[in-house]
Amino acid sequence: MGNSEKKSKKKHKHKRKEHREKHKSKKSKKHSRPKEESPPPEPEPPKKPEEEGEDFAIPIALMNSKSHAPETPEEYQRRQSQIRREVDPVTGRTRLIKGDSEVLEEIVTKERHIDINKKATRGDGEYFEQRTLRK
């Protein structure tokens, strides 16, 4: 090991020592700060039940509801067989939805198909303009 290597190692050791001491002093400053004491919270006066106006009784409509029972297969099939039209509030497209979330295709004439595409394209363009021109 040459003389210059010993000096560089010694120099590096010295730098590490300085760094450690510097950070120790920061830690000691953090922990040496006196804690600011906040005044104890004032106790709230006890409320009387008449003053609160809250009634914790369970409504009769909830007690007799069947929503807490598991769904029977017949109820599930009835719910899934319902078909409804929903309008997408963002794009304005009308879709057929079966049950909870299945999207159905609708068979239409060629003229109706062209009309639907024109409306959808117009709605998509308006949505795009709103999003891009605002920024």
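Residue by residue, here is whether (1) assigned to a loop (DSSP other than H, G, I, E, B); (2) closer than 30 Å to residue 113 by Cα; (3) modelled with pLDDT under 70 holds:
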site	(1), (2), (3)
16	no, no, no
27	no, no, yes
35	yes, no, yes
39	yes, no, yes
58	yes, no, no
61	no, no, yes
66	yes, no, yes
100	yes, yes, no
If you take the residues of region 94-135 that are aliphatic (A, V, I, L, M), open to solvent by 80 Å² or more (accessible area, probe 1.4 Å) and closer than 30 Å to residue 75 by Cβ, which of them is farthest from the chain's Cα centre (by Cα)?
107
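The values are calculated or read from the model by the stated rules, or taken from the named source; none is laboratory data. All values derive from a computational prediction rather than experimental measurement. Counting neighbours? That spans all protein chains shown, and the Cβs are built from the backbone with ideal geometry, glycine included. To get the accessible areas, we keep the full protein, side chains included, count just its heavy atoms, and leave off ligands, DNA and RNA. Shrake-Rupley method; radii C 1.70, N 1.55, O 1.52, S 1.80 Å.
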